[in-house]
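The values are calculated or read from the model by the stated rules, or taken from the named source; none is laboratory data. No experiment lies behind these values; they were computed from the predicted model shown. Note that each Cβ is placed from the backbone with ideal geometry, even for glycine, and that neighbours are counted across all protein chains shown. Just the protein is used for accessible areas: all its heavy atoms, side chains included, with ligands, DNA and RNA removed. Shrake-Rupley method; radii C 1.70, N 1.55, O 1.52, S 1.80 Å.
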Amino acid sequence: MFYAIVVTLAWVIWHLVFAIKVVGRENLPKDGRGFVLAPNHISAIDPVFVVIARFWGRRMLVMAKEELMHVNPFITWFFNHVGVFGVERGKGDTATIDGVIQKVREGQGLLIFPEGTRSKTGEPGRLKSGAFVVASAAGADMVPCRIIYSRGQMKLFSRVQVCFGKPIPAAELDLGEVRSAAKLRQNKQLLLDAWEQLYQENKFQ
């Protein structure tokens, strides 16, 4: 209930401040299967745009850097109630990742930014491996998501488009038991290509 109230309030407030258009919502899974939702990352408030663009459905898990979970007690409490969890970057936080993989297998969605950090140019940056490892291990489809701001970067009263692409099937993302490096590069390119297609089809003129 708390999650539904928060998302509804955010939807109202964000639509008053930004002109938001959602493209491809029909590409989001509706059958209760777990999935990995993989947007590009430009602004600190990108997760809010993605969550309200999706709007309906079971609460997703949202991956964030661990330090954000300890800004203050209220933020920690709030994040814990809306599905945000922290990961210690660069420290091999395998226990957390294993738990996430299990939840995705059980039908929960995961929102993760494959770049791992915000792009300073607005163009997609280098992709990290986490999103692809989770999708492969969980046997989950990956849904490409491209966030497009009318000014290239997030500005107050910007127009914003959140575009969901067709899912990349789990079978195509399978890295195998040894997690082939070549296959991982191929999977990253699949996502980059999907992002580029979404941008070309929906960019502001």
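Data table
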{"quantity": "Boolean, V17 is over 19 Å from C145 (Cβ atoms) and open to solvent by less than 60 Å² (accessible area, probe 1.4 Å)", "calculated": "yes"}
{"quantity": "Sole exception among (1) at pLDDT below 85; (2) open to solvent by 40 Å² or more (accessible area, probe 1.4 Å) for E26, by number", "calculated": "(1)"}
{"quantity": "Enumeration of residues in the range 152-183 that are charged (D, E, K, R), free of Cβ contacts under 8 Å to residues at least 12 places away in the same chain and open to solvent by 60 Å² or more (accessible area, probe 1.4 Å)", "calculated": "K155, E177"}
{"quantity": "Tabulated pairs, the range 184-205, first on the phi > 0 side of the Ramachandran plot and modelled with pLDDT of 95 or more, second aromatic (F, W, Y) and part of a helix (DSSP H, G or I), C-beta under 9 angstrom, 6+ apart or interchain", "calculated": "none"}
{"quantity": "Tally, over the range 128-139, of residues that are closer than 30 Å to F18 by Cβ and touching a residue at least 40 places away in the same chain (Cβ under 8 Å)", "calculated": "4"}
{"quantity": "Complete set of residues in the range 24-48 that are more than 12 Å from P144 (Cα to Cα) and either aliphatic (A, V, I, L, M) or in a helix (DSSP H, G or I) (or both)", "calculated": "E26, I42, A44, I45, D46, P47, V48"}
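For (1) open to solvent by 70 Å² or more (accessible area, probe 1.4 Å); (2) in contact with a helix residue (DSSP H, G or I) (Cβ under 9 Å, 6 or more places away or on another chain); (3) at pLDDT 75 or above, each residue gets a yes or a no:
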| site | (1), (2), (3) |
| --- | --- |
| S43 | no, yes, yes |
| V51 | no, yes, yes |
| F74 | yes, no, no |
| F78 | no, yes, no |
| V87 | no, yes, yes |
| K91 | yes, yes, no |
| A140 | no, yes, yes |
| C145 | no, yes, yes |
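For (1) over 16 Å from the mean Cα position of the chain (by Cα); (2) open to solvent by less than 20 Å² (accessible area, probe 1.4 Å), each residue gets a yes or a no:
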{"site": "I97", "(1), (2)": "no, no"}
{"site": "V100", "(1), (2)": "no, yes"}
{"site": "R118", "(1), (2)": "no, no"}
{"site": "F132", "(1), (2)": "no, yes"}
{"site": "A137", "(1), (2)": "yes, no"}
{"site": "S150", "(1), (2)": "yes, no"}
